[in-house]
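See below for the structure under consideration.
The values are calculated or read from the model by the stated rules, or taken from the named source; none is laboratory data. Bear in mind that the values here come from a model prediction, so they are computed numbers and not experimental data. Neighbour counts are summed over all protein chains in view; Cβ atoms, including those assigned to glycine, are modelled from backbone coordinates with ideal geometry.
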């Protein structure tokens, strides 16, 4: 008998308390007063039950989490942070399987069940980051999806394109890009290369786009066009998208939605955040994540996606409950759509990936991001320790 009944919590979207029956790792029934003789029972009265949280944009391979404190040493420019990362990663033992494992353990205790991580690929590090993340992921209950990420450019860094292809051949699920104009100085060639690899290997695409203004808008148009022409809708994400202010969103929202291009934001520091409410109203998928967590790019982050959703809501100046809930949607269903997950959510037939928190509404869960009452992955309780 592998049945578990979660009693009396309020599943998000249902609006009233109900029991959740879990059998052999799957949600099989959601209703009040489920009769399940012999099943193990867990009382969730007074808790809101959410689907497992989705971390849609992080850099596990870079993390210093779980090691000694390292004072931040980069300047405030993108080029400065890239250079600092290159200079110091060897000295600090990056990438480290143990540190990645420590961070994944913390993430899962906070209720994250799915992670997309951008793993550095370049001639100096080769595929060591891919291998380190893969080893750490094998120790974690979370599902980890890697993006082969050219942090230091592709066209300007000879040998990187070949390594990106090797990463995809080895089973990496997605191909990344970085500022096709601002870093690689040739957006057409850059996007031809990245989308060509995605098409060849059936991979997802996730492109960092920090370029702002009309340059960034033009690059977004190029990405929309390629996604539509190649039929890659639902498999392309643009991360950061700093060019998408209100005016640009009004112009591009319908195109992003129709092409099936998702957006991932980290809402960090004072960097631009896409206008979530406007974009969601147009049907654009919005996901979110931490970006860096305790690494050479910045000292912040602890792996709690409810806290990250709070930052997204705060940076978006959301105050009404229904608006704050959009940030939670980005940390759950939006992330699931961006990652191409199937069988996600609190619906019978789906894996029992869920988290319970002592809150009455989704907005309260985001704003207070309270301690987790229960975290379950594929029907196995992870926190508290069984």
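Residues of the stretch 120-163 that are in a helix (DSSP H, G or I) and over 24 Å from residue 64 (Cα atoms): 160, 161, 162, 163.
For the stretch 264-300, a residue qualifies if it is closer than 24 Å to residue 52 by Cα, touching a residue at least 60 places away in the same chain (Cβ under 8 Å) and touching a helix residue (DSSP H, G or I) at 6+ places or on another chain (Cβ under 9 Å), and the qualifying residues are 264, 265, 266, 287, 288, 289, 290, 292, 293, 294. When each of 93, 67 is tested for being on the phi > 0 side of the Ramachandran plot, over 19 Å from the mean Cα position of the chain (by Cα), surrounded by fewer than 19 Cβ atoms within 10 Å (Cβ to Cβ) and modelled with pLDDT under 95, the lone residue that passes is 93.
Would you be able to say whether some residue in the stretch 178-191 is surrounded by fewer than 16 Cβ atoms within 10 Å (Cβ to Cβ) and in a helix (DSSP H, G or I)? Checked against the condition, which is being surrounded by fewer than 16 Cβ atoms within 10 Å (Cβ to Cβ) and in a helix (DSSP H, G or I), the stretch 178-191 yields at least one hit.
Rundown of residues vs (1) within 28 Å of residue 73 (Cα to Cα); (2) out of contact with any strand residue (DSSP E or B) (no Cβ under 8 Å at 6 or more places or on another chain), yes/no style:
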site	(1), (2)
265	yes, no
282	no, yes
302	yes, yes
347	no, no
351	no, no
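Of the helices (runs of 4 or more DSSP H) lying entirely inside the stretch 284-386, the ones with 3 or more residues being surrounded by fewer than 20 Cβ atoms within 10 Å (Cβ to Cβ) are found at 305-315, 321-330. Go through the stretch 1-101 and tell me which strands (runs of 3 or more DSSP E), entirely inside it, have 2 or more residues that are under 17 Å from residue 381 (Cα atoms) and either out of contact with any helix residue (DSSP H, G or I) (no Cβ under 6 Å at 6 or more places or on another chain) or assigned by TED's automatic domain parsing to the domain that holds residue 309 (or both). Qualifying strands (runs of 3 or more DSSP E): 4-7, 19-23, 26-31, 40-43, 48-51. The set of residues from the stretch 211-245 being part of a loop (DSSP other than H, G, I, E, B) and surrounded by fewer than 16 Cβ atoms within 10 Å (Cβ to Cβ) comprises 231, 233.
Among residues that are farther than 21 Å from residue 339 by Cα and modelled with pLDDT of 95 or more, residue 206 is not included. When you look at residue 256, is it crowded, with 22+ Cβ neighbours inside 10 Å, farther than 15 Å from residue 315 by Cβ and free of Cβ contacts under 8 Å to residues at least 60 places away in the same chain, yes or no? Taking the combined requirement at face value, the residue satisfies it.
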